[in-house]
Amino acid sequence: MAIELKAADGSSVQITPEMLQAFKAGFRGPVIEPSAADYEETRKIWNAMIDRRPGLIVRCTGTTDVVQAVRFARQHRLLVSVRGGGHNIAGLAVCDGGLMIDLSAMRGVSVDTRARTARAQPGCTLADVDRETQLHGLAAVLGFVSTTGIAGLTVGGGFGYLTRQYGWTCDTLASLEVVTAEGTVVRAAADENVDLFWALRGGSGNFGIVTSFEYKLFPVGPEILGGAIAWRAEDAKDVLGFLREFSAKTPREMTCVGVLRIAPPAPWLPKEIHGKPIVAVFVCHAGSIDSGEKLIAPLRSFGKPVADIVTRRPYTQMQCLLDATQPKGRRYYWKSHYLPGLETEAIDVAIAHAQKIRSPHSAILLFQLQGALGELPADHSPVGNRDAGFVINIASSWENPADDDANVRWARDCFEATKAFSTGGAYINFLTEEEGRDRIEAAYGKPVLERLAALKKRFDPGNLFSHTKSVLG
């Protein structure tokens, strides 16, 4: 019996048993149809707000499988989505009715200690890479949540605790292995396929499927000084005001993340605080432990903290501290801005909206940037926005579908209220499903977006990779 799949133009394509069998003959991984026992679990991704049903899922075991999947999709003009870690807020990994190319089983990591580089496959999470690199006291510049996939993070820019020292994640790429829309394998680097290399360092999933990321590594850990400090919500204005002054003076080895939320029932927080509003600062110092102790001391002694778990700890543990805030299967909706700094008025507005949080899982996060970002030219990569001081992420998270409207509305209201303090830029990886051309242009700027669109027409003229934040008009 034929399988009906959706074509890229929205029409239907009949895949006969003979067509499917011919594809399977050259494909090593599982081919999962909607009737399969593991289909439901395989199609689900991190954000439970995304409930799409691919017509067929192909789980790749290596680059050859990716080539076969791309050629199959191209041959039959199929709508295609590509899944790495499946952690993107907009749910771009999953399409309705089309072909989902699932890379999540490709999780190999190899480290070259002499060259200080690591090669990682696209199904890897941050934890996979951190685990292998930290064995040698080295680290890649990755994100803040260890369950995030490296692929989407990297091709969309990427930032984390090491960004102030070394730049966006994509700035630290040495090379990429890419399966193009034609189903060929090419290397992209500073000395080969230069335009493709530029486009993939922030242009998201528009240009091909990366099957190997080669990252430059940096000496970090294996122990760093880091953790979190929390205060009661009534101290939020003073704490965030102090954070503004404190963070402006700290060296690049230190990164701070301010958080406004309701205290979870976490063991590091006193029971009497659970369920009550708090302000917290997560801090990571990746330099000398002794220097870190001196630098962090003023923050630890400010006001009357209710909890302090800043300590000497493995870097891999620091990378996991925010994991509990983002488990797979919750409903998520984000809005975000780049901020030039933490203006007093912006702090006041953020605090006012934190008092209106509708879910115990939601939060307003303030990620510190600056440092190395501004040392590269604005057009070094498509990501841009190198002048930003902070990212504000309005992270709404809840359990019950009946609460969708209230929680989405809270995030949108906070976003609108903080817009006046924005640089006008946007981070492509934080854009939600409905955010369109204006926000994509805000992420790149018009000249960069026009350059990306021209390269898209060159590298993917048939727009095979359309299920992404499109750079086309």
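At a glance:
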{"quantity": "Packing-based order for 10-21, 346-357, 137-148, using average beta carbon neighbours within 10 Å, highest first", "calculated": "137-148, 346-357, 10-21"}
{"quantity": "Highest to lowest packing among 218-229, 117-128, scored as the average C-beta count within 10 Å", "calculated": "117-128, 218-229"}
{"quantity": "Antiparallel DSSP beta bridges within the stretch 54-131, as percent of all bridges there, nearest 5", "calculated": "35 percent"}
{"quantity": "Crossing angle, helix 289-300 versus the chain [Cα axis fit, 0-90 degrees, rounded to tens]", "calculated": "70 degrees"}
{"quantity": "Estimated 222 nm signal from helices in the chain, with DSSP H stretches of n ≥ 4 weighted -39500 (n - 2.57), rounded to 500", "calculated": "-8000 deg cm²/dmol"}
{"quantity": "Rounded to the nearest 20 debye, dipole of the chain from Cβ charges on Lys, Arg, Asp, Glu", "calculated": "220 debye"}
{"quantity": "Folded to 0 to 90 degrees: helix 446-459 orientation relative to the chain principal axis, Cα", "calculated": "30 degrees"}
{"quantity": "Relative packing of peptides 188-197, 248-257 - highest average C-beta neighbours within 10 Å first", "calculated": "248-257, 188-197"}
{"quantity": "Dipole of the stretch 3-102 [Lys/Arg +1, Asp/Glu -1 at C-beta], most positive-end residue of LEU5, PRO34, LEU78", "calculated": "LEU78"}
{"quantity": "Antiparallel DSSP beta bridges within the chain, as percent of all bridges there, nearest 5", "calculated": "90 percent"}
{"quantity": "Links that overshoot a 19 Å alpha carbon limit, given the list LYS419/LYS456; LYS237/LYS304; LYS6/LYS457; LYS237/LYS294; LYS216/LYS249", "calculated": "LYS419/LYS456; LYS6/LYS457; LYS237/LYS294; LYS216/LYS249"}
{"quantity": "Antiparallel DSSP beta bridges within the stretch 3-102, as percent of all bridges there, nearest 5", "calculated": "45 percent"}
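Every number here is computed from the coordinates shown, using simple stated rules; none is lab data. Just so we're clear, the structure is a prediction, and the values are computed from it rather than from any experiment. Cβ: placed from backbone, ideal geometry, glycine included. Neighbour counts: every protein chain shown.
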